[in-house]
Every structure is written in structure tokens, then in C-alpha cells.
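Student: What follows is a single structure, and I will ask about it in a moment.
The values are calculated or read from the model by the stated rules, or taken from the named source; none is laboratory data. What you are looking at is a predicted structure, and each value in this text was computed from that prediction instead of being measured. Reconstructed Cβ throughout: ideal geometry from the backbone, glycine too, with neighbour counts over all protein chains shown. These area figures cover heavy atoms from the full protein model, side chains too; ligands, DNA and RNA do not enter into them. Shrake-Rupley method; radii C 1.70, N 1.55, O 1.52, S 1.80 Å.
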Amino acid sequence: MEPDPGHRKAHRPGESAGPRIERRGRTVRVRSLEAARQVLRARQRTTQAGFTAESIPQGVLKHHPILMSDGPLHDQQRTKVARFFAPSVVRERYTGLMESCAERIVAEAVSSPRCRLDDLALFYSVEVTAQVVGLTGSDVRSMARRLVTFFNQPPFDLDQPGLGRTRRQWMQAAVNGLVPLVRFYVADVRPAVRARRREPANDVISHLIAEGYTDTDILVESVTYGTAGMVTTREFICMAAWHLLTDDSLRGRFLEGEQEERLAILNEVIRLEPVVGHLYRRVHEGFTIRDRDTQVALEPGDLVDVHVRSTNTDLDAVGDQPLNVCPDRQRARGVDPAGMTFGDGAHKCPGQPLALLEADALLVRLLAREVRIVREPSIEWDDLIEGYMLRDFELQVR
């Protein structure tokens with residue numbers, strides 16, 4: 001008998017829900033939230049291994065990208081950029097921007113016979129985050145289309161040497177990566193950098209210039225913020241809308257509640273449907289992780305695969321009915337409302353407050369209208385973010 005899928009909409013073929021900790025050769029798969037926290041908080045003992053971090057040549061960049069760096073360098077980078085993503089800063093500085101962008105997006109949807117939410121959510125998230133980062137020197141929609149081309153990559157497997165790619169696939173990856181990178185630099189990053197060198201602003205690019213980052217360094221960081229922040233928020237918005245539009249009770253509660261109530265609902269949706277499904281760490285100094293009565297020794301060289309989709313439905317952490325959307329859920333002490341969706345430890349995503357408030361600003365305005373699903377989205381899976389992509393989500397908005 002197939003297990004009850006609950007309210008979860010994104011089901012990855014072949015995905016296993018257990019065991020809680022599993023060793024296969026030099027790869028350790030972790031599905032326990034408590035054990036996952038132990039891994040992700042093991043400072044100085046592990047390094048970033050996801051997002052092809054280990055394939056980035058050392059020494060090419062003056063400053064290693066924040067998503068890929070570890071140790072004191074990463075701590076310094078995180079401390080300095082935290083001021084752009086703190087909840088109070090996001091509310092004070094960007095609420096007006098998010099609201100005006102959301103109203104414009106909804107008006108566009110109303111004026112069209114039909115609209116694709118995945119396109120509108122992309123344009124919206126790119127416009128908002130571009131302001132935070134400082135990528136304001138080019139057309140937002142053209143930049144959004146350039147950003148999504150970074151995901152046009154051949155498949156890879158972190159468990160395999162050379163990511164399991166053939167020589168031909170590596171050549172394809174180089175072409176598919178470098179061409180969009182050059183376009184993104186010429187059309188979006190270079191104009192923004194030139195403008196900020198002339199007149200600094202209160203944004204990430206101005207900060208990077210002040211820190212002595214080269215244009216190449218800034219390009220790589222911009223790609224990081226663009227793909228990790230803007231594009232994944234698109235998926236979050238679409239998934240949350242899908243849940244709200246197919247659950248009358250949940251939608252009513254969302255629309256009638258204050259912002260605190262709405263954010264609780266959004267946190268619960270993204271807990272159940274994390275956009276990034278796996279987090280990876282490479283062990284450099286051995287240590288032991290514990291879960292219930294089990295102990296597993298991690299050895300130098302091991303690859304740890306944290307199954308976020310499983311940790312977020314761990315009964316020990318999130319309580320009963322883990323596969324249902326329950327905004328009033330009683331979680332174990334210290335468990336984030338979004339589970340491990342935004343990570344934990346040194347690499348916890350700083351953009352969590354921005355993503356939640358962005359989604360809230362758009363969805364509360366969109367769902368206040370009369371909205372009908374014309375076509376439910378198709379679900380695709382991406383190797384880079386190890387998560388789902390929702391496409392062709394067609395709505396009629398009145």
C-alpha cells in the first residue's frame with residue numbers, strides 16, 4: 001500500500017523516506033532533523049559541498065563566494081551582509097517596494113484573459129531582490145529571463161567522481177554556463193557596478209565594492225543572490241498559491257488573518273514543500289552524530305546528504321500529521337517553523353525574512369481577487385537546487 005501523501009504536492013520519483021540515518025559507502029544520508037542540525041552546526045569540521053561548490057577552482061577569485069565559503073571568512077561575510085536581510089530592515093526598507101510591485105503584478109494579471117503565475121512570480125521576485133542587491137541598471141524582465149538560463153545544465157551526481165558527468169556533458173555545462181554568465185555581466189552586473197562606483201547606495205553591490213571586491217567577484221555573488229534568492233522565491237510563491245487555491249479553508253484563514261497568521265501559514269507550506277530538497281556537507285574532521293538510540297561516526301572525506309524534505313517531516317521534530325499543512329503545529333523545542341527549509345548553522349539562508357514577506361505581499365493581494373486555476377502546474381526537478389520547479393501554472397484573475 002502506498003503511504004498517505006497528505007497535503008504534499010511535489011513528490012520526487014524514487015525518493016526514500018527512511019532510514020533516519022543511512023551510510024552508503026562514503027555518503028551518509030540524514031533524514032532526522034536533530035542529526036541534520038548536528039551536521040550543519042559542526043563548525044570547522046565540515047565545508048559546503050552543495051551547489052557544485054567543490055568544483056569551483058580555488059584562487060581564481062579574490063573573494064570566495066559567500067554561498068561556498070566556510071570558516072572565519074564566511075563568518076565575516078555573513079556578518080557584513082546581515083544588515084541587508086534582517087527582518088526589521090526588510091520590513092522598514094522594502095515593504096513599500098514589495099506592495100507596489102505586488103499591486104502592479106496583480107493588475108497585470110487582471111487585465112489579461114489568462115496569466116502564468118510562474119512568470120509573474122519570477123518577474124516580481126527578481127524586481128524586489130534586484131533592489132536589495134543593487135542590480136537596478138537594466139530591464140527587470142530581461143534580467144529574469146537571463147537568470148533562469150543558468151539552470152539549463154546537464155545532470156550531475158555529487159556521489160560520483162567528476163559529478164558523474166561525461167567529457168561531453170562537461171563541455172555542454174561550460175557552454176551553457178559561460179554564455180549566460182557573459183550576458184548577465186554585460187547587461188546587468190556591469191551597468192550596476194559602474195553606477196555604484198560613481199554613486200554608492202545602500203545595497204549589496206555597493207557594500208561589495210567598498211570591501212574591495214573585483215568585478216568578477218561581484219558577478220559571482222550576483223549570480224548567487226540571483227539564482228538562490230530570486231529564482232527560488234518564485235517556486236515558493238507558486239507552491240504557496242497552489243496550496244491556498246486548492247484549500248478553501250486555508251485560503252479563508254490566510255485572507256482573514258493578520259500578517260502574523262499569514263506568515264505562519266506560509267512557513268508551514270514551505271516546511272512541507274521546501275524548494276531546496278537537499279543540503280550537502282563534506283567532512284574534514286571526524287565527529288559523531290546521534291539520533292534516538294543510534295550513533296554514526298562521520299569520517300574525514302565523507303559526504304553528508306541532508307534530506308530536507310525528510311527532516312521537515314520528522315515526527316520527532318514537527319509532531320503529528322507531518323505531511324499536512326497545520327499552521328498551529330506544535331514543534332519540538334528549537335525547531336524553526338519552516339523546518340530545515342532555509343538551512344541551519346553557518347550557512348542558514350539570510351534571505352528567509354525577505355522571501356516570506358515577498359510571498360505574503362503578493363499572495364494576499366492576488367487571492368483577494370476572484371482567482372481560478374485554468375491549468376495546474378507541471379512539476380520538474382532540478383539537480384542544482386535539488387528541488388522542484390513549477391511550470392505552466394495558468395490562472396484567470398478577476
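Student: Just to be sure I understand the filter: pairs with C-beta atoms under 9 Å, separated by 6 or more residues or on different chains, first member in region 11-36 and farther than 11 Å from Val306 by Cα, second member of a type in the set (Ser, Thr, Tyr) and open to solvent by 50 Å² or more (accessible area, probe 1.4 Å). Which pairs pass?
Tutor: Pro19/Thr294
Student: I'd like the full set of residues that are open to solvent by less than 20 Å² (accessible area, probe 1.4 Å) and in contact (Cβ under 8 Å) with a residue 40 or more places away in the chain, limited to region 214-223.
Tutor: Asp217, Glu221, Ser222
Student: Scan region 277-315 residue by residue and report those that are among the small types (Gly, Ala, Ser) and either in a loop (DSSP other than H, G, I, E, B) or under 21 Å from Ala332 (Cα atoms) (or both).
Tutor: We begin by selecting, within region 277-315, every residue among the small types (Gly, Ala, Ser); these are 277, 286, 297, 301, 310.
Of everything in region 277-315, those that are among the small types (Gly, Ala, Ser) and either in a loop (DSSP other than H, G, I, E, B) or under 21 Å from Ala332 (Cα atoms) (or both) turn out to be Gly277, Gly286, Gly301, Ser310.
Student: Is at least one residue of region 129-137 over 30 Å from Gly25 (Cβ atoms), surrounded by fewer than 22 Cβ atoms within 10 Å (Cβ to Cβ) and either free of Cβ contacts under 8 Å to residues at least 12 places away in the same chain or within 22 Å of the chain's Cα centre (by Cα) (or both)?
Tutor: The answer is yes; a qualifying residue exists.
Student: Scanning for something more than 25 Å from Gln153 (Cα to Cα) and among the small types (Gly, Ala, Ser), does region 386-398 turn up at least one residue? Can you show your working first?
Tutor: Our first condition is that a residue be more than 25 Å from Gln153 (Cα to Cα); within region 386-398, this holds for 394-398.
Keeping just the survivors that are among the small types (Gly, Ala, Ser) gives none.
No; the residues of region 386-398 include none that is more than 25 Å from Gln153 (Cα to Cα) and among the small types (Gly, Ala, Ser).
Student: Can you tell me how many residues in region 67-85 are open to solvent by less than 30 Å² (accessible area, probe 1.4 Å) and at pLDDT 60 or above?
Tutor: Filtering region 67-85 for residues open to solvent by less than 30 Å² (accessible area, probe 1.4 Å) gives 68-69, 71, 74, 77, 81, 84-85.
Retained after the next criterion (residues that are at pLDDT 60 or above): 69, 71, 74, 77, 81, 84-85.
Within region 67-85, residues that are open to solvent by less than 30 Å² (accessible area, probe 1.4 Å) and at pLDDT 60 or above number 7.
Student: Look at region 216-236 and say how many of its residues are out of contact with any Phe, Trp or Tyr (no Cβ under 7 Å at 6 or more places or on another chain), under 20 Å from His278 (Cβ atoms) and at pLDDT 85 or above.
Tutor: 4
Student: While we're looking at this one, here's another question. Taking helices (runs of 4 or more DSSP H) that do not extend beyond region 165-212, which have at least 1 residues that are surrounded by 12 or more Cβ atoms within 10 Å (Cβ to Cβ) and free of Cβ contacts under 8 Å to residues at least 12 places away in the same chain?
Tutor: On the way: elements: 167-184, 190-198, 204-210.
Qualifying helices (runs of 4 or more DSSP H): 167-184.
Student: Among what's in region 138-164 and is of a type in the set (Gly, Ala, Ser) and within 24 Å of Ser100 (Cα to Cα), pick the residue that is surrounded by the fewest Cβ atoms within 10 Å (Cβ to Cβ). Step through it out loud before you land on a result.
Tutor: Of all residues in region 138-164, those of a type in the set (Gly, Ala, Ser) come to 138, 142, 144, 162, 164.
Narrowing the set further to residues that are within 24 Å of Ser100 (Cα to Cα) leaves 138, 142, 144.
Numbers: Ser138: 18, Ser142: 13, Ala144: 21.
Across region 138-164, the extreme among qualifying residues is Ser142.
Student: Now for a different question. Considering region 44-62 alone, what residues qualify as being open to solvent by 80 Å² or more (accessible area, probe 1.4 Å) and at pLDDT 85 or above?
Tutor: Gln44, Arg45
Student: In region 258-276, is there at least one residue being in contact with a helix residue (DSSP H, G or I) (Cβ under 6 Å, 6 or more places away or on another chain) and more than 22 Å from Asp344 (Cα to Cα)?
Tutor: Taking every residue of region 258-276 in turn, at least one turns out to be in contact with a helix residue (DSSP H, G or I) (Cβ under 6 Å, 6 or more places away or on another chain) and more than 22 Å from Asp344 (Cα to Cα).
Student: Just to be sure, is Asp291 surrounded by fewer than 24 Cβ atoms within 10 Å (Cβ to Cβ), within 22 Å of Asp344 (Cα to Cα) and of a type in the set (Asp, Glu)?
Tutor: Details: surrounded by fewer than 24 Cβ atoms within 10 Å (Cβ to Cβ): yes; within 22 Å of Asp344 (Cα to Cα): yes; of a type in the set (Asp, Glu): yes.
Yes; evaluated as a whole, the condition is true for this residue.
Student: Please go through region 100-121 and give me each residue that is in contact (Cβ under 8 Å) with a residue 12 or more places away in the chain and open to solvent by 70 Å² or more (accessible area, probe 1.4 Å), ordered by number.
Tutor: Glu103, Pro113, Arg114, Arg116
Student: Yes or no: Met239 open to solvent by less than 10 Å² (accessible area, probe 1.4 Å), at pLDDT 95 or above and assigned to a helix (DSSP H, G or I)?
Tutor: Values: open to solvent by less than 10 Å² (accessible area, probe 1.4 Å): yes; at pLDDT 95 or above: yes; assigned to a helix (DSSP H, G or I): yes.
Spelling it out, Met239 is indeed open to solvent by less than 10 Å² (accessible area, probe 1.4 Å), at pLDDT 95 or above and assigned to a helix (DSSP H, G or I).
Student: Which residues, taken from region 258-278, are open to solvent by 20 Å² or more (accessible area, probe 1.4 Å) and either β-branched (Val, Ile, Thr) or more than 26 Å from Met230 (Cβ to Cβ) (or both)?
Tutor: Of everything in region 258-278, those that are open to solvent by 20 Å² or more (accessible area, probe 1.4 Å) and either β-branched (Val, Ile, Thr) or more than 26 Å from Met230 (Cβ to Cβ) (or both) turn out to be Glu258, Glu261, Val276.
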